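Just so it is clear, none of the values below were taken in a lab; they were calculated from the coordinates. What you see is a predicted model, and the numbers here were worked out from it, not measured in a lab. Please note: Cβ atoms are built from the backbone with ideal geometry, for glycine as well, and neighbour counts cover all protein chains shown.
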Amino acid sequence: MRPEPTHYKHRKFTKPLNFALIVVSDTRYREEKEGKESSDETTPMFKRLVEEAGHRFILRKIVPDDAEMIVEAVRHAVDEGADLVVTSGGTGLSERDVTLEALGQLFEKRIPGFGELLRLESYKEIGSAAMLTRADAGVYRGTPIFCLPGSPNAVHIALTKLILPEAVHLTFHVKGEVKQ
């Protein structure tokens, strides 16, 4: 008889986690600063999915494609008690896209399988364009950080297929415990 894989045991914990979202976008940042109605489609979907999964959405910050502001926003989210931080945007191939380069310096450990699996799941939906999907994940000060493209569809795929199903399990490994 084969033993039950340990990830099933860890998934049985039901502790609600605190999620933070950092939207990296020159356009959304400008809209916010000018008091215009936001064209941000990611935040409402993110909030809904996180809360439907039984977790808490505690913080959303919009920053421009500026390395220092991205790092500061992530540090702030961790200081505010986020158990997981997700960034959306700034992962493309243009000169302005600096999220991965900025946050890669913070990571104490990387989670390389995340980017690989996100590209695989994206490939199933969008085909070969998935190879342009730059995504990364790592741990900073005991907090998993996921860097996603700015596409609402990419965020949806990442949350529903990868992040939310493993959130408590991942937190268990990173923090060494999950208190009920």
- Task: Calculate, axis by axis, the spread of Cα positions in region 117-180 along the three principal axes, and write the results as whole Å, longest axis first.
- Result: 41, 20, 17
- Which residues make up the longest stretch of the chain clear of GluC sites (Glu not before Pro) that lie in a DSSP loop with no more than 16 other Cβ atoms within 10 Å, not counting the sites? 109-176
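Above 19 angstrom, tally the Cα pairs of region 19-175 and express them as a % of all pairs, no decimals. List each step's numbers first, then the result.
On the way: 6116 of 12246 pairs.
Considering region 19-175, 50 percent of its Cα-Cα pairs are separated by more than 19 Å.
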- Task: Could you check the simple spin-label distance between LEU93 and LYS161, using points 7 Å along Cα→Cβ, in nm with one decimal?
- Result: 2.1 nm
- Message: Using Cβ counts within 10 Å as a stand-in for footprinting exposure, how do SER94, SER25 rank, fewest first?
- Response: SER94, SER25
- Would you calculate the separation in nanometres between label points at ARG30 and GLU52, each defined as 7 Å from the Cα along the Cα-to-beta-carbon direction? 3.3 nm
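Among the trypsin sites (Lys or Arg not before Pro) in region 108-149, which ones are in a DSSP loop with at most 14 other Cβ atoms within 10 Å of the Cβ? Mind listing them?
ARG141
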- Provide the FRET efficiency to the nearest 0.05 for the ARG141-GLU116 pair, computing r from the beta carbons and using R0 = 25 Å. 0.55
